[in-house]
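J.: One structure is given below, represented as structure tokens, and several questions about it will come after.
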Amino acid sequence: SLLLASRGIVDGIQHVHTIVEEENKDWAVIKKRVETDKKMFVGREVAGKKLGVVGLGHIGASVADTAIALGMEVIGYDPTIDVEAAWRLPGQVLERASTLEEIVTEVDYLTLHVPYMKETHHLINSELLRSMKPGAHIVNFARGELVDTQAMLELYNSGDRTGKYIADFADEFLHDHPKTIIMPHLGASTAEAESNSAEMAANQIIDFIETGSIRNSVNFPTVELPRAGNQARLCIVNKNVPGMLGLITTTLGGMGLNISQHINTSRNDIAYNAVDLEEMPDDAQMSKVQEEIGKLEGVISSRVIEPLIRGPSFFVVNEPEQ
């Protein structure tokens, strides 16, 4: 995708087809014209240029690694990066931006690797597009709705934007613009990718059911807490508000339950707790535990994972607020 933005590859391919038709398959003339006309598609090197990577998960980190190997400077932005993803980042070589505004003003290339949700709709909006270098290229193989393409078209038409837009989602505003390359969404279009994706999804669901671990969720925090011995685990979903952790631990302590290990993480409005109890309460006591936890303002749901059943033996969801 970086090379598609940097060279006139697609235009060159189309030009060769045009030459073949115009020269009536006179291959001596065709070969000469193809060689002569290559100057029409002069591009630029990627080495020494600055790439902005928005979203530093598995794919974003891989893109950063590849760009660094190509000799690019890389600056990354991800306000919700988890510890596992952070470990995958290329150390001191990757510069971290604190805001999206900071990254878009500096880069020659911008690539997007974030999920689409209400908060990321038109993440790259008119204001950010105007603040970019006019010739900066944007690569969007994540979701089409992340970019305000109508605003981008207006900038193209006014001459304020000259950089290319490379995407793999159909777009009503830019589908026929000469500065854009639109293609099918082919990221997982291999037999191996389909198999790997299915296996990964199945393993993550099994892991959630058996241990309460959460990975690669678009709206829940990442949570991984290895099981330690033959202990019951209480998983609690609550609103991300101050004081919840103290209320939960105090409630458990008040019922005579000791916590052997615990993890608390949050993402936006949601917090998630995985709590291992030193002793396995009987069914009646565990039911009482969830009843008391459910009374805490802000608790959304809870479930218990018994060590031998390896699954949620108790699952309680509080009534949603009207």
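J.: Restricting the search to segment 230-250, which residues are open to solvent by less than 60 Å² (accessible area, probe 1.4 Å) and of a type outside the set (A, V, I, L, M)? Spell out the reasoning first.
T.: Start the filter on segment 230-250 by keeping residues that are open to solvent by less than 60 Å² (accessible area, probe 1.4 Å), which leaves 231-238, 243-244, 246, 248-249.
Correct list: 231, 233, 235, 238, 243, 246, 249.
J.: Do we find that residue 254 is farther than 15 Å from residue 267 by Cβ and in contact (Cβ under 8 Å) with a residue 60 or more places away in the chain in this structure?
T.: no
J.: Related question: What are the residues in segment 163-172 that are modelled with pLDDT of 95 or more and open to solvent by 20 Å² or more (accessible area, probe 1.4 Å), if any?
T.: 164
J.: Right, something else. Filter segment 297-322 down to the residues that are open to solvent by less than 30 Å² (accessible area, probe 1.4 Å) and assigned to a loop (DSSP other than H, G, I, E, B), then identify the one that is modelled with the highest pLDDT.
T.: Ranking the candidates gives 298 first.
J.: Residues that are in contact with a helix residue (DSSP H, G or I) (Cβ under 8 Å, 6 or more places away or on another chain) and among the small types (Gly, Ala, Ser): does segment 184-193 have at least one?
T.: Yes, the conditions are met somewhere in segment 184-193.
J.: Then there's this: Counting only residues that are modelled with pLDDT of 85 or more, under 21 Å from the mean Cα position of the chain (by Cα) and open to solvent by 60 Å² or more (accessible area, probe 1.4 Å), how many does segment 173-189 have?
T.: So the count comes out to 1.
J.: Please go through segment 108-125 and give me each residue that is closer than 26 Å to residue 46 by Cα, at pLDDT 95 or above and not charged (D, E, K, R), ordered by number. Before the answer, list the steps.
T.: Step one: filter segment 108-125 for residues closer than 26 Å to residue 46 by Cα, giving 108-114, 123-125.
Narrowing further to those that are at pLDDT 95 or above: 108-112, 123-125.
Those that are closer than 26 Å to residue 46 by Cα, at pLDDT 95 or above and not charged (D, E, K, R): 109, 110, 111, 112, 123, 124, 125.
J.: Could you please give the count of residues in segment 11-44 that are surrounded by 11 or more Cβ atoms within 10 Å (Cβ to Cβ) and either of a type in the set (D, E, K, R) or touching a Leu at 6+ places or on another chain (Cβ under 7 Å) (or both)?
T.: 10
J.: Look through segment 261-280, keep the residues that are closer than 16 Å to residue 218 by Cβ and not in a strand (DSSP E or B), and return whichever of them is least open to solvent (accessible area, probe 1.4 Å).
T.: 268
J.: Is it the case that residue 160 is in contact with a helix residue (DSSP H, G or I) (Cβ under 8 Å, 6 or more places away or on another chain), open to solvent by 80 Å² or more (accessible area, probe 1.4 Å) and without any contact (Cβ under 8 Å) to a residue 40 or more places away in the chain? Explain how you work it out, then say what you get.
T.: Numbers: in contact with a helix residue (DSSP H, G or I) (Cβ under 8 Å, 6 or more places away or on another chain): yes; open to solvent by 80 Å² or more (accessible area, probe 1.4 Å): yes; without any contact (Cβ under 8 Å) to a residue 40 or more places away in the chain: yes.
It is true that residue 160 is in contact with a helix residue (DSSP H, G or I) (Cβ under 8 Å, 6 or more places away or on another chain), open to solvent by 80 Å² or more (accessible area, probe 1.4 Å) and without any contact (Cβ under 8 Å) to a residue 40 or more places away in the chain.
J.: So, one more: Select from segment 115-134 the residues that are open to solvent by 30 Å² or more (accessible area, probe 1.4 Å) and closer than 24 Å to residue 49 by Cα and list them in ascending order.
T.: 123, 125, 126, 127, 130, 131, 133, 134
J.: State all residues of segment 54-79 that are touching a His at 6+ places or on another chain (Cβ under 8 Å) and either crowded, with 23+ Cβ neighbours inside 10 Å or β-branched (Val, Ile, Thr) (or both); if no residue qualifies, say none.
T.: Residues satisfying the conditions are 54, 55, 56, 59, 60, 63.
The values are calculated or read from the model by the stated rules, or taken from the named source; none is laboratory data. Worth saying up front: this structure is predicted, and the values here are computed from it rather than measured. No Cβ is skipped: glycine too gets one built from the backbone with ideal geometry, and neighbour counts run over all protein chains shown. What goes into the accessible areas is simple: the full protein's heavy atoms, side chains included, and nothing from ligands, DNA or RNA. Shrake-Rupley method; radii C 1.70, N 1.55, O 1.52, S 1.80 Å.
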